Structure formats: C-alpha cells, structure tokens
Amino acid sequence: MHRTLATIIALLFLFACSQSDNPGKLNFTEVHLPMAAGSAFPQMMEKDGKLYLSWTEEGEEISRLKMAIREGEVWSETMELASGKDWFVNWADFPEIFMDENGDIYAHHLAKTGSDTYAYGVNISKKKAGTDSFQFLGKPYTDSSQTEHGFVSFFSIPNAGPAVVWLDGRKYKTEQKEMSLRTARIAEDGSFYEEEEIDGRTCDCCQTDATQTASGAIVVYRDRTDGEVRDIYRSIYKEGKWTKGSPVSEDGWEINGCPVNGPAVAAEGDRVAVSWFTMANDSPRVKLAISEDGGENFGKPIQIDSGNAIGRVDLLWHKGEIFISWMERDESNQGELLLRKYTKNGTLTAPQLVREMSSARASGFPIMIKSGNRLNLAYTEEGDIPRIRMWEAIL
C-alpha cells in the first residue's frame, strides 16, 4: 500500500516537472483536410470563428486556385476562385486570400506576361459578401512591362477600405536592375486607384506583409541599400500618406542577392509585432521586434531561434501575447517547424517542435492563424505528389 502511494506521488512529481519544463507547450493534432493529393501552397484567414483555407492545384494544362471554409469540425464544399493555363506557380510567391470589413473576399494569382522566366503579373479577383462566385478585377497597376510583379499582401486601412501592396519590376530592366514596392487602393466597384510607390529600391523576391493597426496600416518588406544591405524595413500609412521606409532593426546583413525570406507582421490595436530572418555576420537568426505605437518605434530585437534557423517566419497576437513560428534544421539536416510564445510579462516559452518537415523549397512557407480558440499551422508536404498538411492546438 505504502509502495503504491509512493509510486503515485513520484509519478505526479515527474509529471509536474515535465509540465513546468515547458509550461507554454501546446498539444497539436492533425486536421482532416477537404482537398485531394496534389494540393500545395496553403493560405488561411479567419472571420467570426470560421477558417478559410485556399490552395493551388496543378493539372497537366490548367492551374487552379481553390478555397474551402471550416466551421466547427465541418468543411464546406470546395469552391474555385480562379483557373488558367498561363499561371506562374512558385514556392515563394504564392496566391493570397483576404476579407475586408464588409465581408468581401479578395484573392490573387500570378500569370505570365512574357517569355522571360520572371515576366509575370498580379491578377486580382473579388467575391462580394452574399454572392457565390469570384469576379476578375484585373491588375492593380497600369504598368505593362513584361517584368516581375508579385509578392502580394492585402490589408485594410481604417475607415478607408481594402488595399494591396506588391513588389514591382518595371524598373528592373534598367542598368540598376531595381525592384520597387508599390501599393494601390481598391474601390467598392472593384477598380484600383491611388497607385503609388512606397520604396524605390527593395530586395528582389522576399515576401511582403501588411496589416491594419488602430491608427492606420503598416507594411513590412526587405529593403536593398546602395551597399547591398538587405534589412527589414517598414512604412506606415497615416494621415493619408505613406511614411518613408525605415529599418525595423539595423542588422546590417550585406548580401549580393535575394535570400527569398520575407518578414511577418501582426497588430493588436496599435501594438505591432514583426518577425524576420537574418544572416548578418554569417549568423542565421530569427528575430522579433515589438512596437507600442503603431510601428513608429520598435524595441530592441529579441532572438527567437535556437541556433539553426532557416527562417520562413509567421506570427500572430493572442490576448496580448505573441506566437511566432519558424523553420530550422536539426543535426541531421532535417527540417523542423517550431513554435514559441512571447508572454505578457516579457519572457519566451521554450521552443516547441510542431512537426519535422522537409526544408526543401517545395515545402513552401508554413503559415499560422488563430481561428476561435484554435491555433492552426499549415504547410506543403513535398513529394512526387505534394499535399497540404494542417495541425491545430487548443489555446
């Protein structure tokens, strides 16, 4: 009897110790998905507790962008957002979906505009709330050059409606070979207006990201200086105009080429969090910086990774705390999808391994979203026939 009691006490002690080793650890389970094998490059958004998941499917001749909606445990029938024969489908530059404050849904895909490898353009479609199908809107710019236009992010401006930002190659065929960052607003009738340049010289092919704040909007991207320093910059939309791009952090990463590894941004009111990858001083790092004033000023960056980062970051806010996901390689060069939380009291939970996964380009960029009380992570599992996998945990 005493031995049994002693054993129970010992087991309880061990359980308590294991829990305290990582008190922020979440229990992830796999989500059954509605699409067939051959799906890739997921994107997600959330509205009123519903999870919206989009993906691409490649046929022998036709590419398709599809979407399904999960409410509770049930997925809707899949719907086709767009399809075509001339698409540019790429592991790093992928379609995105977005819902504005009216419940209208926007999506974009990329289509070839010329014979050059990177001659492609941004094509936007819209589904008005209460309707069943997407209508093609066109390109958000007037430029017709057969150069790269991509790496799109949608966002809303408070009381002013949806907008879009992208990397623009209209100046790339000049001697300087420069990409720029441009934006345009989207009118209620689906037309585009107020197209303008935010930054005239950016990194060539790192993802952009953007979000609405309480006082405006903020766009983050990888800049490119004359000295080939490619740090993460931000521009803020306030009082009807964009501020000049400025560093989130002066890492000083000098690299004569694009690392294809963009930043992520999320806001809770005017609290803004930005996460990114850098290899300044040949040291691979994932960092987090926080602003309390809508992105005007950022605190000292916090190191997130555990030593073998390859980037591909995402992040979100949840009740005043920040979840950050990223990828690393383990000692055997296997890819890992990791998660960490920055708590309200300014501490970091221990890194949590969500899944082992391929670090190859075909695995794309893992994405993360909060839907109701669930944290969802999705990525492409590479193979002869790729497929999307999703994992979720209760917050």
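Under the condition of being part of a loop (DSSP other than H, G, I, E, B) and over 16 Å from residue 213 (Cα atoms), the residues counted in the stretch 291-303 number 3. Are any residues in the stretch 229-240 in contact with a strand residue (DSSP E or B) (Cβ under 9 Å, 6 or more places away or on another chain) and open to solvent by 30 Å² or more (accessible area, probe 1.4 Å), and if so, which ones? Once the filter is applied, which keeps residues that are in contact with a strand residue (DSSP E or B) (Cβ under 9 Å, 6 or more places away or on another chain) and open to solvent by 30 Å² or more (accessible area, probe 1.4 Å), the stretch 229-240 yields 229, 233, 238. In the stretch 319-333, the count of residues that are within 17 Å of the chain's Cα centre (by Cα) and under 23 Å from residue 67 (Cβ atoms) is one or more.
Of everything listed in (1) small (Gly, Ala, Ser); (2) out of contact with any strand residue (DSSP E or B) (no Cβ under 8 Å at 6 or more places or on another chain); (3) open to solvent by less than 40 Å² (accessible area, probe 1.4 Å), the single unmet condition for residue 115 is (3).
In the stretch 118-154, of all residues being in contact with a Lys or Arg (Cβ under 8 Å, 6 or more places away or on another chain) and open to solvent by 50 Å² or more (accessible area, probe 1.4 Å), the one that is farthest from residue 260 (Cα to Cα) corresponds to 133. Restricting to the stretch 220-243, give me the number of residues that are in contact (Cβ under 8 Å) with a residue 40 or more places away in the chain and either within 24 Å of residue 193 (Cβ to Cβ) or in contact with a Phe, Trp or Tyr (Cβ under 7 Å, 6 or more places away or on another chain) (or both). The qualifying residues number 10.
Looking across the stretch 49-80, the residues that are more than 19 Å from the chain's Cα centre (by Cα) and open to solvent by 60 Å² or more (accessible area, probe 1.4 Å) come down to 58, 60, 61, 64, 71, 73, 74, 77, 78, 80. Note on the stretch 304-395: enclosed strands (runs of 3 or more DSSP E) holding 1 or more residues that are of a type in the set (A, V, I, L, M, F, W, C) and farther than 19 Å from residue 92 by Cα are 309-318, 321-329, 335-342, 352-356, 374-381, 387-394. It is to be established whether one or more residues within the stretch 155-167 are open to solvent by less than 20 Å² (accessible area, probe 1.4 Å) and among the polar types (S, T, N, Q). Looking for residues that are open to solvent by less than 20 Å² (accessible area, probe 1.4 Å) and among the polar types (S, T, N, Q), one finds at least one in the stretch 155-167, hence yes. Which residue, of 306, 325, 291, 332, is of a type in the set (Ser, Thr, Tyr), touching a strand residue (DSSP E or B) at 6+ places or on another chain (Cβ under 9 Å) and open to solvent by 40 Å² or more (accessible area, probe 1.4 Å)? Just one listed residue meets the conditions, 306. For the stretch 202-228, the set of residues classified as open to solvent by 40 Å² or more (accessible area, probe 1.4 Å) and among the charged types (D, E, K, R) consists of 226 only. Pairing residues of the stretch 138-159 that are over 16 Å from residue 92 (Cα atoms) with residues that are open to solvent by 40 Å² or more (accessible area, probe 1.4 Å) and among the aromatic types (Phe, Trp, Tyr), at Cβ distances under 9 Å and at least 6 apart in sequence or on separate chains, gives 138/192; 139/192; 140/192; 141/192; 142/192; 145/172; 147/118; 147/172. Set side by side, the residues 270, 251 differ, and just one is buried (at least 20 other Cβ atoms within 10 Å of the Cβ), without any contact (Cβ under 8 Å) to a residue 60 or more places away in the chain and of a type in the set (Asp, Glu), which is 251. With respect to the stated conditions, residue 378 is open to solvent by less than 20 Å² (accessible area, probe 1.4 Å), among the small types (Gly, Ala, Ser) and within 19 Å of residue 41 (Cβ to Cβ).
The values are calculated or read from the model by the stated rules, or taken from the named source; none is laboratory data. Just so it is clear, the model here is predicted, and its values are computed rather than measured. Neighbour counts are summed over all protein chains in view; Cβ atoms, including those assigned to glycine, are modelled from backbone coordinates with ideal geometry. SASA here: full protein model, heavy atoms, side chains in, ligands and nucleic acids out. Shrake-Rupley method; radii C 1.70, N 1.55, O 1.52, S 1.80 Å.
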